[in-house]
1. Starting at 0 and stepping by 5 Å, how many percent of the alpha carbon pairs of the stretch 79-135 end up in each bin?
2. Which log10 I(q)/I(0) values, to two decimals, does the chain give at q = 0.10, 0.11, 0.14 Å⁻¹ under the Debye formula with one point per Cα?
3. Note the direction-averaged projected area, equal to a quarter of the hull surface, for the Cα convex hull of the stretch 169-230, in nm².
4. Just add up the charged neighbours of Arg239: K/R +1, D/E -1, any other residue whose Cβ is under 11 Å from the Cβ of Arg239.
5. Carbon and sulfur atoms: what percent of the 1.4 Å accessible area of the chain do they account for?
6. Using Cα atoms only, what is the angle between the long axis of helix 227-239 and the major principal axis of the chain, expressed in degrees (0 to 90) to the nearest 10?
7. From the helices alone, meaning DSSP H stretches of at least four residues, give me the mean residue ellipticity at 222 nm for the chain, per-run term -39500 (n - 2.57), in deg cm²/dmol to the nearest 500.
8. Net charge within 14 Å of Ala20 by Cβ-Cβ distance, Lys/Arg positive one each and Asp/Glu negative one each, not counting Ala20 itself?
Amino acid sequence: MKLKFTKMHGAGNDFVVIDAINQAIDFTPAQWQYLADRRFGVGADQMLVVEKPQAAGVDFRYRIYNADGGEVEQCGNGARAFVRFVTDKKLTDKHSIKVETMSGIIEPRLEANGQITVDMGAPILTPEEVPFDTTDLLCKAEGEDNLWPLDVKGETTWISVVSMGNPHAVQVVADVETAPVREDGVLIEHHPRFPKRVNAGFMQVLDQHHIKLRVFERGAGETLACGTGACAAVVAGIRRGLLASPVKVQTRGGELVIAWGGHDAPVMMTGPAVTVFEGEIEI
């Protein structure tokens, strides 16, 4: 079939966005991998699929496939691209929409200045719900957070465990540029204590309102930005007493602003979403 698509990015985290309302989509993992391939396909960190809603009271259904072909629960940068796409394609005339995801309902909003804010919901902080196996582990408290030891290459790495609809392991590093993101990231992603794998975040604190962040994403490798990773890092930093809301998150692909009121408050993420080109591919 010939597939119409839109190539987009949010702070360098790039996507193939597909309208599955006006064309039929039923792809295998191998076909998703082909689309994501940067040499033989279109090239993307994730593929985003726009569908009609299944739940009552929402505007769209949002499905996400990683570059490895697996479907995942959430993608924050993709959520911003999603609202830009449905607005530009005139699939809605609303500036604020409710979107159904595998992990629940999110509410992205197109701002007057062109930036997009997404209500990502409250973070999940109970390790078993992330999920993270704490069997026989002793944590240490820092502020309101519990840090958990993780054996990486025979050394102990202390992590915060957070879910933003998808699992994250966040560690603080002295310098993100020299941190072993790719070497340790793949080991953390596949660590046996994370039964559903995990996104590995490496956070450098510059001051209470400014961090640098690199994320090794589950199923995609290191990306230029990770929206849920930025949310998870800020939540972890605030709980540890290292950060105060709002926080500017500097990634290799651009800047995001994350605000969180603590406890059960939703995490609010603001950042850009850009259309790169339109295309058609035979698949």
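The values are calculated or read from the model by the stated rules, or taken from the named source; none is laboratory data. What you see is a predicted model, and the numbers here were worked out from it, not measured in a lab. Note that each Cβ is placed from the backbone with ideal geometry, even for glycine, and that neighbours are counted across all protein chains shown. We work out accessible area using only protein heavy atoms, side chains counted, and drop any ligands, DNA or RNA first. Shrake-Rupley method; radii C 1.70, N 1.55, O 1.52, S 1.80 Å.
1. 4, 17, 24, 18, 11, 9, 7, 6, 3, 1, 0
2. -0.48, -0.59, -0.95
3. On the way: hull surface 16.7 nm².
If I average the Cα hull's projected area over directions, I get 4.2 nm².
4. Values: positive: Arg240; negative: Glu142, Glu144, Asp145.
Net charge around Arg239: -2.
5. Working: 5820 of 12060 Å².
With neighbouring chains kept in place, the figure for the chain is 48 percent.
6. 30
7. Working: 4 runs with 43 residues, N = 283.
Helix contribution divided over all residues of the chain: -4500 deg cm²/dmol.
8. Details: positive: Lys4, Lys52, Arg61, Arg63, Lys89; negative: Asp19, Asp26, Glu51, Glu71, Glu100.
Net charge in that neighbourhood comes out at 0.
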